[in-house]
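Starting off with a structure, shown below.
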Amino acid sequence: MSTTINQTWFMTQRQLTAILRQPAYLVITLIQPVIWLFLFGSLFRRVVELPGFGAGSYLDYLVPGVVVMSAVSSNMWAGMGTLEEIERGTLNRFLTTPVSRAALMNANVVQQGISTGIQSVVIVLLGKIGGADYPGGVAGLLILVLASIVLGTVFGAFSNALGMLVRQRESIIGINTFLLLPLTFLSSAFMAPGLMPSWMRHVADFNPVNWALVAGRSAMSADPDWGDVLSRGGALLALAAAAVWLSTRTFRSYQKSV
Amino acid sequence: MTTSPPAVQARDLMKTYPGDVRALDGMGVTVAAGTVFGLLGPNGAGKSTTVKILTTLARPDSGTAVVAGHDALRHPDRVRRAIGVVAQRSGADPVATGRENLLLQGRLYGVRGADLNRRADELLARFDLAEAGKRQVRTYSGGMQRRLDVALGLMHRPEVLFLDEPTTGLDPEARTAMWEEIGRLAGDEGLTILLTTHYLEEADRLAERIAIVDRGRVVAEGTPDELKGELHGDAVHVELREAPDAVDGTLIRTALAEFAGVREVALDGRRLSARADDGPAAVPHVLTALEQQGVAVASVTVARPSLDDVYLRYAGRRFADADAAPEAAVPAPVPANTSGAAR
């Protein structure tokens with residue numbers, strides 16, 4: 001057990017070092033949320049004036065939306081990295097060492113979690129600098145960040161599974177571009193649920209992106225509804241566990257195809 | 001001669017990939033401990049699949065594989081601890097430095113602390129990467145990267161080292177350097193090396209024993225000399241100053257065929273050819289006999305059979321042809337008409 005934990009740490013460290021040594025990648029993953037934040041922030045500034053929107057400033061409303069959207073969009077590319085490791089022979093090299101298979105998979109999850117966490121905190125801080133108000137305090141923000149990490153795990157694991165199964169960049173690119181915007185807009189990321197068409201609101205109930213938003217927003221409000229936080233958060237955790245389980249399974253099917 | 005069990009023993013390996021591609025068809029190989037063994041064959045012959053099974057990456061449909069005394073199918077973990085693998089594709093992390101790659105590799109095998117650092121530095125020095133070890137691997141040349149790959153495979157002091165196509169894609173200079181390095185490794189105490197290659201020259205130069213692989217199984221095995229020896233001798237070609245007439249021709253053939261170990265004497269115009277068990281030793285006799293017949297000689301050449309000839313004999317086609325058509329190498333039995341080419 002302690003070996004697995006040690007090995008998970010070695011492999012996580014390797015991935016984090018790789019990210020830090022590619023500054024272009026870092027800058028892009030941080031600049032993109034900034035663009036969302038200030039573009040959407042300016043464009044939709046006045047939607048809060050719509051009757052029934054229910055938020056003081058649009059920036060307050062937007063920050064969790066951008067945090068969650070960024071968690072989805074950065075994690076859904078995880079499969080590209082896995083694919084690259086397969087093509088380069090790195091994965092096979094590790095598979096011929098005694099490293100625990102769980103450590104290989106866990107390292108992906110831990111690395112993605114750390115990256116998503118940092119990205120989320122940066123967005124929250126940028127929002128604060130821009131004048132956003134967080135009435136739920138640190139506890140609320142923490143829940144938002146946790147929800148975005150768990151949501152990121154879901155998409156990261158699916159993306160890894162996809163990368164190992166189809167072994168084609170085009171498929172990952174295609175599915176990601178197809179999914180990102182519908183999943184974001186079929187949620188309360190940018191628009192208050194009360195103002196969404198009713199069919200969209202019903203679809204959103206089944207959208208994990210929306211679960212993260214409901215849990216995060218509720219925790220960040222002045223008067224959190226902990227029932228909402230727990231139910232959505234619990235559903236997200238269950239889904240993440242299922243996704244990681246699935247990607248571990250496809251890992252085995254990869255080994256059969258070697 | 002040796003009483004220790006073989007370092008690698010695989011029997012009756014069968015493996016079919018999805019799409020009915022038969023990669024292995026009764027593959028078997030036995031490598032004595034402490035030796036260098038070469039699997040020689042064109043692309044698609046099944047060498048890499050064999051290595052993947054022996055290194056626990058892939059599982060065969062049936063058959064057995066024992067590596068370093070452990071069953072590769074039942075106890076892959078024990079095998080993994082005992083082997084070092086240098087795969088066809090590099091697998092080094094390009095963003096990490098050479099030294100970082102080595103350190104991580106060591107840690108995965110449980111090497112720690114001072115021993116870990118010492119071993120990494122020792123290997124960097126040995127493979128002429130002491131300076132480069134501080135740089136990211138993506139800045140390396142092909143040869144440097146390949147040397148790092150071998151160092152990675154040696155990090156935990158394995159009993160058996162697998163080298164899958166170690167020099168493919170290297171320029172001639174880097175290839176020669178790699179050959180020297182592998183030659184030195186072979187001298188290491190107790191290290192067993194299983195090498196795959198599709199270069200005849202490489203197998204001939206590095207391996208003590210060679211198995212020729214074709215269509216998923218071994219078609220011939222032995223030392224390079226044994227394999228060449230099975231072609232029954234060297235080719236002796238003599239060019240005469242002028243073509244003898246029919247009567248002289250018969251006399252010449254009869255005279256030469258009397259020597260022990262010389263056969264298949266053939267005369268075609270001015271060109272006389274024969275097979276001899278020991279070509280160089282037969283030359284003086286051949287020349288004396290010709291002189292006694294009053295035939296003047298323009299030139300004599302002796303050609304040792306190459307592994308290419310061996311391959312032609314056992315696989316029924318020229319090595320280069322088989323290599324050029326790897327897809328064709330996988331399915332289908334040998335067409336009847338090509339077997340005539342293997343004399």
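The values are calculated or read from the model by the stated rules, or taken from the named source; none is laboratory data. All figures in this text were calculated on a predicted structure; none of them were measured in a lab. Cβ sites come from the backbone with ideal geometry, for glycine too, and all protein chains shown count toward neighbours. Areas reflect the complete protein model, heavy atoms only, side chains present, ligands, DNA and RNA absent. Shrake-Rupley method; radii C 1.70, N 1.55, O 1.52, S 1.80 Å.
Where the convex hull is taken over the Cα atoms of chain B, what is its projected area averaged over directions, in nm²?
Working: hull surface 85.8 nm².
About 21.4 nm², averaged over all directions.
Under 8 Å for C-alpha pairs, at least 6 residues apart: give me the relative contact order for chain B, rounded to a whole percent. Provide the component values of the computation, followed by the final result.
On the way: 653 pairs, mean separation 66.9, N = 343.
Here the relative contact order equals 19 percent.
With both bridge residues required to lie in segment B:137-238, what share of the DSSP beta bridges run antiparallel, to the nearest 5%?
Values: 5 of 10 bridges.
Around 50 percent of the beta bridges assigned by DSSP in segment B:137-238 are antiparallel ones.
Rank by packing, highest mean first: peptides B:100-108, B:299-307, with packing defined as the count of other Cβ atoms within 10 Å averaged across residues. Kindly include the intermediate steps, with their values, before the conclusion.
Values: B:100-108: 23.3, B:299-307: 15.3.
Peptide ranking by packing, descending: B:100-108, B:299-307.
Per residue, how large is the accessible surface of segment B:232-303? Use a 1.4 angstrom probe and give square angstrom. List each step's numbers first, then the result.
Values: 4190 Å² over 72 residues.
About 58 Å² of surface per residue is accessible.
Just the number, please: buried accessible area between A and B, total of both chains, 1.4 angstrom probe, nearest 100 square angstrom.
Numbers: alone 12960 and 17160 Å², together 27650 Å².
Result for this pair: about 2500 Å² buried.
Using the per-residue mean of other Cβ atoms lying within 10 Å as a proxy for protection, in what order, highest first, do the peptides B:159-170, B:274-285 fall? The partial results should precede the final answer.
Details: B:159-170: 21.2, B:274-285: 17.1.
Taking the mean over residues of other Cβ atoms within 10 Å, the ranking is B:159-170, B:274-285.
Per residue of A:96-107, what is the mean number of Cβ atoms on other protein chains within 10 angstrom of that residue's Cβ? Could the numbers behind the result be given before it?
Details: counts 17, 14, 12, 6, 2, 0, 0, 1, 0, 0, 0, 0.
Average per residue, whole number: 4.
Sticking with this structure for a sec: Near B:K47, which lysines are there with a Cα under 22 Å away, not counting those fewer than 8 places off in the same chain?
Those lysines meeting the cut-off are A:K256, B:K15, B:K228.
Separate question: Round to a whole angstrom and tell me the spacing of the C-alpha centers of segment B:31-105 and segment B:149-174.
11
Using the alpha-carbon centroid of each, what span in Å lies between segment B:191-256 and segment A:203-228?
Measuring centre to centre over Cα atoms gives 78 Å.
Still on this structure, please answer the following. At a Förster radius of 35 Å, what calculated FRET efficiency corresponds to the Cβ-Cβ distance of A:A55 and A:T17, to the nearest 0.05? Walk me through the numbers before you get to the answer.
Details: r = 41 Å, r/R0 = 1.16.
Once the sixth-power term is evaluated, E becomes 0.30.
Per residue of B:71-78, count partner chain C-beta atoms within 10 Å of its C-beta, then hand back the mean as an integer. Present the calculation step by step, with values, prior to reporting the outcome.
Details: counts 0, 0, 0, 0, 0, 3, 2, 1.
Taking the mean over all residues of the peptide, I get 1.
Take the alpha carbon atoms of segment A:129-170, find their center, do the same for segment A:33-75, and report the distance between the two centers in whole angstrom.
Segment A:129-170 and segment A:33-75 have Cα centres spaced 16 Å from each other.
Under the Karplus relation 6.51 cos²θ - 1.76 cosθ + 1.60, θ = phi - 60°, what is the ordered set of whole-Hz ³J(HN,Hα) values for segment B:87-98, x standing for Gly and Pro?
Calculated HN-Hα couplings, in order: 7, 4, 8, 3, x, 6, 6, x, 7, 7, 6, x Hz.
Using a 10 Å cut-off around each Cβ of peptide B:192-200, what is the average number of partner chain Cβ atoms that fall inside? Write down the numbers at each step before the final one.
Values: counts 0, 0, 0, 0, 0, 0, 0, 0, 0.
Going residue by residue through B:192-200 and averaging, the value is 0.
Per residue of segment B:271-283, in order, report the coupling 6.51 cos²θ - 1.76 cosθ + 1.60 (Karplus, θ = phi - 60°) as ³J(HN,Hα) in whole Hz, putting x for Gly and Pro.
Here the 3J(HN,Hα) series is 9, 10, 9, 8, 9, 9, 4, 10, x, x, 5, 7, 4 Hz.
Near B:K134, which aspartates and glutamates are there with a Cα under 18 Å away, not counting those fewer than 8 places off in the same chain?
List returned: B:D93, B:E100, B:D121, B:E122, B:D149.
Per residue, what volume in Å³ does the convex hull of the Cα atoms of segment B:232-303 enclose? Can you show the working numbers first?
Numbers: hull volume 5.0 nm³, N = 72.
Hull volume over Cα atoms, normalised by residue count, gives 70 Å³.
So what J values fall out for segment A:57-67 if you push phi through Karplus, 6.51 cos²θ - 1.76 cosθ + 1.60 with θ = phi - 60°, rounded to Hz, Gly and Pro as x?
Whole-Hz 3J(HN,Hα) from phi for segment A:57-67: 10, 5, 4, 3, 6, 6, 3, x, x, 6, 4.
Count the DSSP beta bridges whose two residues both fall in segment B:8-228, then state the antiparallel fraction as a percent rounded to the nearest 5. Mind dumping the intermediate values first?
Working: 21 of 39 bridges.
Percentage antiparallel, nearest 5: 55.
Next question. List the equivalent ellipsoid semi-axes of segment A:2-257 in whole Å, largest first, each obtained as the square root of 5λ for an eigenvalue λ of the Cα gyration tensor.
Details: eigenvalues 227, 65, 60 Å².
Semi-axes (√(5λ), whole Å): 34, 18, 17.
Of A:N207, A:N92, A:N106, which has the largest mean-square fluctuation in a 10 Å C-alpha GNM of chain A?
Answer for the Gaussian network model of chain A: A:N92.
I'd like the carbon and sulfur percentage of the solvent accessible area for chain A, probe radius 1.4 Å, heavy atoms only, ligands and nucleic acids excluded. Please report the intermediate quantities before stating the final value.
On the way: 8270 of 11720 Å².
Carbon-and-sulfur percentage of accessible area, whole number: 71.
Per DSSP H run of n ≥ 4, the term is -39500 (n - 2.57); total these for chain A, divide by its residue number, and report the mean residue ellipticity at 222 nm rounded to 500 deg cm²/dmol. Please list the in-between numbers first.
Details: 11 runs with 204 residues, N = 258.
Only helices count here, giving -27000 deg cm²/dmol.
Would you kindly work out the equivalent ellipsoid of the protein assembly as shown from its C-alpha gyration tensor and give its semi-axes, the square roots of five times the eigenvalues, largest first in whole Å?
On the way: eigenvalues 907, 115, 86 Å².
Sorted largest first and rounded, they come to 67, 24, 21 Å.
Could I ask something else about it? Averaging sequence separations of C-alpha pairs under 8 Å and six or more residues apart, then dividing by the length of segment A:1-104, give the relative contact order as a whole percent. Can you show the working numbers first?
Values: 45 pairs, mean separation 39.1, N = 104.
Value for segment A:1-104: 38 percent.
How high is the relative contact order of segment B:119-190, in percent, with contacts defined as C-alpha pairs under 8 Å that are six or more residues apart? Intermediate results must be reported in sequence, preceding the final value.
Working: 32 pairs, mean separation 21.2, N = 72.
Relative contact order here is 29 percent.
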